[in-house]
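Reviewing the structure listed below.
Bear in mind that the values in this text are calculations on the coordinates, not laboratory data. Because the structure is predicted, anything quoted here is derived from the model rather than measured. We place every Cβ from the backbone using ideal geometry, glycine too, and count neighbours over all the protein chains shown.
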Amino acid sequence: MSLQGKTIVITGAASGIGAACAAEAKSLGAKVIAVDRNEPTAGLCDQFIRADLSRADSIDAVAGEIQGGVDALCNIAGLPPTRGGALVLQVNFVGLRRLTLSLLPKLNDGASIVNLGSLAGFGWAEQVDQVRALLDVDSLDDVATFCTQHGGDDARAYFLSKEALIAWTLQRRWQWRARGIRMNAVSPGPVETPIHQDFLQTLGERAEEDMRLLERAGQAEDIAPLVAFLCGEGSRWIRGVNIPCDGGMAAHILCQQAGID
Ligand SMILES: NC(=O)c1ccc[n+]([C@@H]2O[C@H](COP(=O)([O-])OP(=O)(O)OC[C@H]3O[C@@H](n4cnc5c(N)ncnc54)[C@H](O)[C@@H]3O)[C@@H](O)[C@H]2O)c1
């Protein structure tokens with residue numbers, strides 16, 4: 001597979017899965033534009049744009065920094081539950097969506113948008129009322145009020161951020177079809193990155209049970225090839241799907257729910 005000649009914007013490229021995606025995209029020949037609040041490792045990207053995805057002014061300034069057309073946008077940046085519910089909802093969903101919409105004029109026809117979901121968002125359909133309420137929150141400034149109204153702890157906010165992201169990905173399956181722009185999601189299970197400990201801390205026994213079921217934790221390099229595939233031509237008819245990349249965890253949940261385990 002080649003990404004030769006493609007320009008790919010990757011958020012979260014300074015660490016973990018985003019850094020692995022940047023390395024994968026570069027190895028496949030892409031020009032990588034990294035967007036992060038921290039600077040990526042030298043040589044990992046062709047351009048670095050410092051931005052804070054929890055702040056509207058910072059998000060809105062990104063498009064002006066990009067020269068020329070963009071072939072793929074990988075929304076990888078995200079925060080774990082320990083960073084607090086409001087900030088998590090801002091960065092993982094409301095800010096991500098704002099950046100995506102602001103970059104639409106920069107996207108070439110046929111471009112691909114890839115959102116980093118999570119196994120944590122798998123149950124979005126069962127939480128659809130709360131998901132719908134978050135989808136209706138347009139402004140980053142309104143997230144704190146949303147949290148007060150909808151309650152829930154920090155772990156729930158993380159789950160909700162990923163539920164909303166997956167639901168939005170499916171909902172917008174044909175939004176930009178006339179321009180050939182497609183949007184998909186990739187949902188990892190537990191991956192050993194700097195935020196892995198935060199998940200274990202917040203989710204406690206539930207996370208430990210997941211780790212017992214898996215033969216090993218995922219690595220960022222397990223996720224990056226799938227993200228790269230979704231950026232490339234081979235995935236051109238894949239649209240509005242959420243693809244688990246989780247060592248079999250999503251299949252396990254579905255089989256248990258259907259009673260065929
Ligand atoms: N690690 C896991 O187990 C796991 C599992 C499922 C999904 N995910 C998702 O994968 C994505 C990447 O996480 P990771 O595990 O690589 O974590 P990470 O902490 O290694 O990387 C996250 C990156 O996002 C950036 N970032 C955070 N807040 C930002 C902000 N306000 N503005 C700009 N950049 C910001 C960080 O600087 C960092 O470079 C996240 O969306 C996360 O929710 C992770």
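Below are the figures for this structure:
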item: Selection count, the stretch 173-198, where residues are small (Gly, Ala, Ser) and either within 16 Å of the ligand (Cβ to nearest atom) or buried (at least 19 other Cβ atoms within 10 Å of the Cβ) (or both); result: 3
item: Residue list for the stretch 8-22, filter: in a helix (DSSP H, G or I) and out of contact with any Leu (no Cβ under 6 Å at 6 or more places or on another chain); result: Gly16, Ile17, Gly18, Ala19, Ala20, Cys21
item: Evaluation of Gln4 against (1) more than 9 Å from the ligand (Cβ to nearest atom); (2) within 25 Å of Ala167 (Cβ to Cβ); (3) outside any helix (DSSP H, G or I); (4) out of contact with any Lys or Arg (no Cβ under 7 Å at 6 or more places or on another chain) (one fails), failing number; result: (2)
item: Leading residue by the ranking (farthest from Asp153 (Cα to Cα)) among those in the stretch 63-91 that are within 10 Å of the ligand (Cβ to nearest atom) and in a helix (DSSP H, G or I); result: Val91
item: Residues (touching a helix residue (DSSP H, G or I) at 6+ places or on another chain (Cβ under 6 Å) and closer than 16 Å to Leu170 by Cα) located in the stretch 95-112; result: Ser112
